[in-house]
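Below is one structure, written out as structure tokens; the observations come after it.
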């Protein structure tokens, strides 16, 4: 039992989980392992009925709330993934399909390529308005920097270095090193940012670069609005058969499309991780990494 707990702790710490969350997960894990021991259940032979028995115990014997049951569910997902045991999968699928814990089904999205990105940008600019320029500029920065939507819309004037084109991204909990990082944009984007900011209602160092044009109160654009703008452009391009209907292009596709492009151009993975502030970029690039490893082995074999 202690070995399982220790390994779980190490795996979650590597993922940058906060100490408070980890403490709660370990408490839940200990209870689950005790439940298995008391009922003579082996982790390697558990089935859907066993998991239903456990969650019924949480619900009826311990009177756990729905949110607490959901926390146990998430903990078990992590546990069985780390243990590389598949017997939780059937119960997980059943729970998701029946919406037992309000867990959304994870939809895999496609990585964006340069040409598709340009088409999306052109579509947004067809609006020919200041908000259209603002939204296209945000998308442009998302592509060039690999930042998240929240990081970009929260940029303040003091975060932008006019002379160098460097943007300071404030620390994000759970991201690489939990520290501020610097990203850089193209010279063309620097000019566009300056032109846009010049016409802002509020221009102080603590004011946001991308402001809400509707209310004119200096508040930042909402991240969900940028997602809506991006989705609308993608849907239009699909209707016009410029983007294939079966392609799942979402805002996050920009971030990892940028990572893929940099990787294809020979940028080291550690440098890509630093730029994006991401600890786990290898997951996205896994296929190409494995292909490159095989190619290296083949090249070495030729020298033997």
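The values are calculated or read from the model by the stated rules, or taken from the named source; none is laboratory data. Nothing here was measured: the structure is a model prediction, and the numbers come from that model. Note: ideal-geometry Cβ built from the backbone for every residue, glycine included; neighbour counts use all protein chains shown.
Could you identify the single residue in 195, 191, 203 that is modelled with pLDDT under 90 and under 23 Å from residue 160 (Cβ atoms)?
From the options 195, 191, 203, the qualifying one is 203.
Just wondering, is there one or more residues in region 9-16 that are touching a residue at least 24 places away in the same chain (Cβ under 8 Å), in contact with a helix residue (DSSP H, G or I) (Cβ under 6 Å, 6 or more places away or on another chain), crowded, with 16+ Cβ neighbours inside 10 Å and farther than 18 Å from residue 101 by Cβ?
Within region 9-16 (the criterion being touching a residue at least 24 places away in the same chain (Cβ under 8 Å), in contact with a helix residue (DSSP H, G or I) (Cβ under 6 Å, 6 or more places away or on another chain), crowded, with 16+ Cβ neighbours inside 10 Å and farther than 18 Å from residue 101 by Cβ), the answer is yes, since at least one residue qualifies.
Please find, within region 105-150, the residue that is surrounded by the fewest Cβ atoms within 10 Å (Cβ to Cβ) out of those that are without any contact (Cβ under 8 Å) to a residue 40 or more places away in the chain and assigned to a helix (DSSP H, G or I).
This residue is 115.
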